[in-house]
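> Before I ask anything, let me first share the structure, which is written out below as structure tokens.
The values are calculated or read from the model by the stated rules, or taken from the named source; none is laboratory data. Values in this document were obtained by computation on a predicted structure and should not be read as measured data. For accessibility, only protein heavy atoms count, side chains too; no ligands or nucleic acids. Shrake-Rupley method; radii C 1.70, N 1.55, O 1.52, S 1.80 Å.
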Amino acid sequence: MRKILITLCVLMFAFLFVTTNESFARGGFGRGNCDCYDKGYPPAKSEEFKKFREETLSLRQTLSNKRFELEKESLAEHPDAVKIDNLKQEIKTLKDKIYDIKTKYNVNAKGFKPRCY
């Protein structure tokens with residue numbers, strides 16, 4: 001009888017913990033690592049953010065292509081180390097250019113939130 005009571009108490013506390021945990025209390029699958037659920041995406045509607053996206057469109061597309069080239073070269077049967085290093089350097093340069101444009105339009109880290117998946 002005592003084992004049954006202990007088991008029931010443990011199950012009851014486990015149920016209470018799971019249902020009052022923050023990830024279950026908010027609904028869905030939890031907060032993730034950002035606070036998108038609390039504040040939404042205000043920068044996506046701002047003019048500065050739209051200008052930033054327009055100006056960096058070609059850079060972001062080139063960056064994506066370079067990343068695929070890097071992955072393709074890394075997965076090759078005989079990867080070329082010099083080409084890999086060059087691609088990494090080109091990716092870093094593109095990221096720096098995008099960051100400079102980001103600061104130009106004042107799209108800072110606080111206003112530029114990642115999407116929660």
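> Is there a pair in Lys50/Lys97; Lys66/Lys102; Lys50/Lys72; Lys72/Lys95 whose C-alpha atoms are over 25 Å apart, and which pairs would that be?
With Cα atoms farther than 25 Å apart: Lys50/Lys72.
> Quick one: accessible surface of Glu73, probe radius 1.4 Å, all protein chains present, in square angstrom to the nearest 10.
So the heavy atoms of Glu73 present about 30 Å² to solvent.
> I'd like the accessible area for Lys50, computed on protein heavy atoms only with a 1.4 Å probe and all protein chains in place. Round to 10 Å², please.
100 Å²
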